[in-house]
Amino acid sequence: MIHSRRPTPGRRTAQPGALVGAILLIGMAGCIPPADRRPAWVADRSLPWKTWIAGRSVEGRSLECYELGDGPDVVLLMASIHGNEPAGTPLLQELYDYLPRHPRLFAGRRVVLLPIANPDGYARGQRHNAHGVDLNRNFPASNWTSSNGHGGTALSEPESRALYELLQRHRPRRIVSIHQPLVCIDYDGPGEELARAMSATCDLPVKKLGGRPGSLGSYAGDTLGIPIITVEFDAGATWLDGPTLWSRYGRMLLTAISFPQSPP
Ligand SMILES: [Zn+2]
């Protein structure tokens, strides 16, 4: 069982005037910025997950991946490609704990987790990577544009290159990427059926947000033809701990894993 992984306040050095700020913050209960609510990822080496590193971030942090099972049906579940949308990470932590105890879920398939796709952004509580690039606009989809924050070229960033190579090497048949705060389940490529099956397990409606330029959805879904789901929790999900997120969205993830069958 995963022990207490309630979001904990980040450590910050006290600054002059911090006391005044702290008093103000106490007065604004519930308004601490998401940067201060990032749960740590805990890799439990006693679990049978195979661990590997997909690449390194601008600042040298590893993009750790965890893999369980074997077989042609590869499912990739990832979170926090936008570092200020952290709720998917503690949810994947629950999945990481749950899955090894339920081998029927990964029989004949390989489940790959990338819990923190933008580790520098996650560490800073910011959307972009350390170069100020939105990684979810940096993929070589046909709609990529050179706007500010998209990177000088597609795949200009080490994190997006790592993900690109991961897709080439592992060829997932389904991808789930967890974001906030748009409160829906979006899909790209041939993902509608999967989106509807996932939506039926929770309170998130299927909504087509439209292909964003150079997004992972546009690249994986439209260019590679892989069903890809963009899950959008609400902003408040940042405040929920792993067990609460799991009680709301665990079944949704298991549905994505076992699709088109229902989870056992
Ligand atoms: Zn996002």
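The values are calculated or read from the model by the stated rules, or taken from the named source; none is laboratory data. Owing to the predicted nature of the structure, the values given are computational and were not obtained by experimental measurement. So basically every Cβ, Gly included, is an ideal-geometry build from the backbone, and we count neighbours across all protein chains shown. When the accessible area is computed, the model is the full protein with side chains, heavy atoms only, and any ligands, DNA or RNA have been set aside. Shrake-Rupley method; radii C 1.70, N 1.55, O 1.52, S 1.80 Å.
The table below gives the values:
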item	result
Where residue 191 falls short, out of the listed (1) away from the ligand (no atom under 15 Å from the Cβ); (2) farther than 27 Å from residue 206 by Cβ; (3) surrounded by 24 or more Cβ atoms within 10 Å (Cβ to Cβ)	(2)
Selection count, the range 176-188, where residues are open to solvent by 10 Å² or more (accessible area, probe 1.4 Å), within 14 Å of the ligand (Cβ to nearest atom) and over 18 Å from residue 117 (Cβ atoms)	1
Counted residues, the range 229-256 - those being over 18 Å from residue 207 (Cβ atoms) and in contact with a helix residue (DSSP H, G or I) (Cβ under 6 Å, 6 or more places away or on another chain)	5
Total residues in the range 92-123, condition surrounded by 18 or more Cβ atoms within 10 Å (Cβ to Cβ) and more than 14 Å from residue 66 (Cβ to Cβ)	7
Odd one out for residue 256, checked against (1) under 16 Å from residue 97 (Cβ atoms); (2) crowded, with 17+ Cβ neighbours inside 10 Å	(1)
Single condition residue 218 does not satisfy, out of (1) over 14 Å from residue 78 (Cα atoms); (2) in contact with a Phe, Trp or Tyr (Cβ under 8 Å, 6 or more places away or on another chain); (3) open to solvent by 60 Å² or more (accessible area, probe 1.4 Å)	(3)
Qualifying residues in the range 126-149 (those that are more than 19 Å from the chain's Cα centre (by Cα) and open to solvent by less than 30 Å² (accessible area, probe 1.4 Å)) - the one nearest to the ligand (Cβ to nearest atom)	149
Hits in the range 85-125 - residues which are under 13 Å from the mean Cα position of the chain (by Cα), of a type in the set (Val, Ile, Thr) and more than 16 Å from the ligand (Cβ to nearest atom)	112
